[in-house]
Amino acid sequence: MALFNKIKKEELKAGDHIYTWRLGYLYSHHGIYVDAGNVIHFTSTAGREIGTGTDADCFIFSSFSSLCSKSHCPTCGDRPRNNGVISSCLECFLSGDKLYRFKYGVSTCVFLAQVRGTCTTAPSDQPGDVLHRAELLLSNGFGDYNLFKNNCEDFAIYCKTGYVILGKAVGRSGQVGGLVASVSALSYACTYSVMCPSLAPIGLVAYCVKRYSADIGVR
C-alpha cells in the first residue's frame with residue numbers, strides 16, 4: 001500500500017492533506033485535516049464529491065449509495081452540508097473508506113512511480129499557513145466546483161502550497177493530469193505500434209512527460 005500512502009488515524013497532524021479512494025480506486029476525495037477529527041474539504045453537492053455538470057450525475061449518484069447524502073451525524077451535528085467548502089468530521093469525510101496522506105516535495109522519480117493524485121513535487125508550507133488558508137476558504141469559498149478545473153484536490157493543494165492555476169487549462173490536479181497523460185500515452189502507443197512496433201515504448205515516455213508537466217510543482 002506504499003503507493004497510496006495509507007496511514008492510521010492516530011498518525012494525523014494538523015494541516016495534513018488527506019484523501020480517500022471512492023468506488024475502489026476510480027477516483028479520490030481530498031481535504032485538509034484540522035484537529036480533533038475535523039476536516040475541511042471542497043464538494044460539488046452535499047455529501048457528493050464528484051460532478052460532471054451533466055445528466056450523468058443523476059445516474060452516478062443514484063447508482064452508488066456511498067455518494068448520497070448521509071443521515072444526521074451525531075458528531076457533525078447541525079454543521080452546514082451545502083456544496084462548496086465545508087467542515088465535517090473525519091468519519092463523514094471517509095464515508096467508510098480508508099485514510100491516506102498526500103505527499104509533498106517528492107522527487108521526480110517518486111512522482112512518476114506513484115499513482116495519480118497521491119503526491120506532488122511541490123513543497124508544502126508550514127501547518128499554520130495551511131490551516132489559515134483552509135479556514136479562510138471555509139468562510140469565503142473556493143469558487144464553483146468543476147471536476148476538471150476546480151476540484152477537491154485543487155483546493156487541498158492550494159491550502160498546502162498557495163499555488164493555483166488560473167485560466168481554462170484542463171488537467172490542474174494530479175487525478176486529471178494523470179488521466180490526460182494516460183489518454184495521450186495510449187494515443188502515442190497505438191500510433192507508433194502500428195507504424196513501427198519497436199517504437200511502442202514511446203507511449204510510456206509520452207505518459208511520463210505529460211504527467212510530469214501537469215504537476216502543480218512544475219507548472
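Quick look at the numbers
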read-out	value
Cross-link pairs beyond the 24 Å C-alpha cut-off, checked among 8/210; 103/149; 98/149; 98/210; 6/149; 13/149	8/210; 98/149; 98/210; 6/149; 13/149
Net charge contributed by nearby residues that have their C-beta within less than 15 Å of residue 131 (K/R +1, D/E -1)	-2
Per-residue ³J(HN,Hα) for segment 108-114, Karplus 6.51 cos²θ - 1.76 cosθ + 1.60, θ = phi - 60°, Hz, x for Gly and Pro	4, 5, 5, 4, 6, 7, 8
Residue 14 paired with residue 163, simple spin-label distance in nm, labels 7 Å along Cα-to-beta-carbon	2.6
Amide H partners (placed H, <5 Å) of residue 119, local residues excluded	103
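Laboratory data are not the source of any read-out in this text; all were calculated from the coordinates shown. Since the structure is predicted, the reported quantities are computational estimates derived from the model, not experimental observations. Heads up, the Cβs are rebuilt from the backbone with ideal geometry, glycines too, and the neighbour counts pull from every protein chain shown.
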